[in-house]
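Structure first, then comments.
The values are calculated or read from the model by the stated rules, or taken from the named source; none is laboratory data. The structure displayed is predicted, hence computed values, not measured ones. Using ideal geometry, Cβ is built from the backbone for each residue, glycine included, and neighbour counts are taken over all protein chains shown. SASA here: full protein model, heavy atoms, side chains in, ligands and nucleic acids out. Shrake-Rupley method; radii C 1.70, N 1.55, O 1.52, S 1.80 Å.
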Amino acid sequence: MWDSNSPYHLPKLRAVMVSYADFHQLPSVKRRVMESGLHKSLGIPNRVKIYLDNGAFYFSSRAIIINHQEYEEFATLAQPDWKPVPQDFIPTPKMGISAQRHCLNRTMLVNHAYEHDGFVPVIHISKVLSEYITAIKTNTRLAAKADIALGAIVPHLLRMPKAQPYQHTLNSIREVRRSFEDKELHLFGVGGTATLHLAALMGMDSVDSSGYRNRAARGMIQLPGSGERTAIELGSWRGRAVSTAEWKKLRTCSCPGCLLNGRKGLRALGVQGFRNRATHNLWTLLEEVDWIKKRLRDKTYKDEYVNHLDNSIYRQLIDHVVNNFI
Ligand SMILES: [Zn+2]
């Protein structure tokens, strides 16, 4: 999708994120990346930025402590355009406040150890978010950083047991935006259309998503202004099927996958189907970003989002943000 010679090229794709967890599991690829850098070894042109994910979610969920020096060496030789500190400890909503503070303390130790230039500090949406903000602000070197990454939004938006009410999560994101007005904020793990709207409305500078690929692998496609739909039932994955009216609309989709293979490409099996759906999904998200940015620029978002977005569970959140924050 980043290769301008590929029929699946997406010219609007300006950045990709790769995870250290993947390289950790593939030593020979890791070695190659360390020899010639991420751009060259993955064949990604320099105009497409590479963000490195430290793999915290993967490592945390398996209780793996990674060697920080190894990560530092990898991140230095791989030369990504953006790299977070080696490890952060992600609090889950079901943790009590003391366990969440323990995650904060462990994460801040790593943030402090990487105060020197180049590594982006990570903070988490949690019950102790304001302590994170104070800890960053009161440290001269951390406060001077140009970027901050904000994690742990996913479990809160997925409504895990004991997740904060949605509005708390939104207020937390706003608190971070207001506290660090001069910084580029990256929000980890924002998957679908509605969360993309929320991130843009709340002034996030960048987000990442693996949702477009995961959905493609499960036979699901993304539609403009709406949630995902099942184009083809694969394995045991089930979801809301694409309606007749939606299939009709998809006839005019101008993503590279649909232009090349039509709607039957979205229903294809195997790698061919995955490729068409993943391209279609990412193209749809990139178009959605353009749609949002243009309306925010023209100040027409408030008038137009109501007709553009369907009534998903997130719609009331977007109403809340539009009515209170912008
Ligand atoms: Zn398409």
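Here are the numbers for the structure shown:
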item: Candidate set: region 276-292, residues that are among the charged types (D, E, K, R) and within 12 Å of the ligand (Cβ to nearest atom); chosen: the one most open to solvent (accessible area, probe 1.4 Å); result: Glu287
item: Residue tally, condition loosely packed, with under 14 Cβ neighbours inside 10 Å and either among the small types (Gly, Ala, Ser) or more than 19 Å from Pro7 (Cβ to Cβ) (or both), over region 253-262; result: 1
item: Test: Leu234 is more than 15 Å from the ligand (Cβ to nearest atom), at pLDDT 90 or above, over 21 Å from Trp291 (Cβ atoms) and open to solvent by 20 Å² or more (accessible area, probe 1.4 Å); result: yes
item: Residue list for region 103-127, filter: buried (at least 21 other Cβ atoms within 10 Å of the Cβ) and part of a loop (DSSP other than H, G, I, E, B); result: Tyr114, Phe119, Pro121, Ile125, Ser126
item: Which numbered condition Thr193 fails, given (1) of a type in the set (S, T, N, Q); (2) open to solvent by 20 Å² or more (accessible area, probe 1.4 Å); (3) under 12 Å from the mean Cα position of the chain (by Cα); result: (2)
item: In region 258-275, the residues that are free of Cβ contacts under 8 Å to residues at least 24 places away in the same chain and either within 12 Å of the ligand (Cβ to nearest atom) or not in a helix (DSSP H, G or I) (or both); result: Cys258, Leu259, Asn261, Gly262, Arg263, Lys264, Gly265
item: In region 238-248, residue farthest from the ligand (Cβ to nearest atom) [restricted to those that are open to solvent by 100 Å² or more (accessible area, probe 1.4 Å) and more than 13 Å from Ile221 (Cα to Cα)]; result: Thr244
item: Failed criterion for Gly265 (all others in (1) open to solvent by 40 Å² or more (accessible area, probe 1.4 Å); (2) closer than 24 Å to Asn5 by Cα hold); result: (1)
